[in-house]
Amino acid sequence: DIAKWHLYLREAHLHTLLAERMYPLLLDNSLSEDKVMQILQDIPVRLGGGHREVPLADMLPMQSRVHLIDVLEEFQRKM
């Protein structure tokens, strides 16, 4: 969320990068909240035409983080 704007990862062109970083955790069966949060922390989001970068983790509300982990856990169970 930015000023109550709900932006989507695909609109920020981050969905593919996020999937590429999460997939190895699923393959290795090493998914954990700490690892997911570290990945989110390591992905920079450029704001203001690139004048500022903020970690993706800082841009996601807690509810979105919980939902992401739930989705990843469900996907891993089905693998």
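When exposed loop sites are taken as trypsin sites (Lys or Arg not before Pro) in a DSSP loop with at most 15 other Cβ atoms within 10 Å, the longest stretch of the chain clear of them is 11-79.
Among HIS67, HIS13, HIS51, the residue with the largest mean-square fluctuation in a Gaussian network model of the chain, with springs joining Cα atoms closer than 10 Å, is HIS51. Potential lengthening of the chain between GLN63 and ARG46 amounts to 3.9 nm, from the contour at 0.36 nm per residue minus the alpha-carbon distance. Taking 22 Å as R0, compute the FRET efficiency from the Cβ-Cβ separation of HIS13 and ARG77 and round it to 0.05. Plugging the Cβ-Cβ distance into 1/(1 + (r/R0)^6) gives 0.15. Computed per residue of the chain from DSSP H runs no shorter than four, each worth -39500 (n - 2.57), the mean residue ellipticity at 222 nm is -17000 deg cm²/dmol. Remark: the chain projects, on average over all directions, an area of 5.3 nm² (convex hull of Cα atoms).
Values quoted throughout were computed directly from the atomic coordinates according to the rules given, and no laboratory measurement underlies them. None of the values given here were measured: they were computed from a predicted structure. Here the Cβ is made from the backbone with ideal geometry for all residues, glycine too, and neighbour counts use every protein chain on show.
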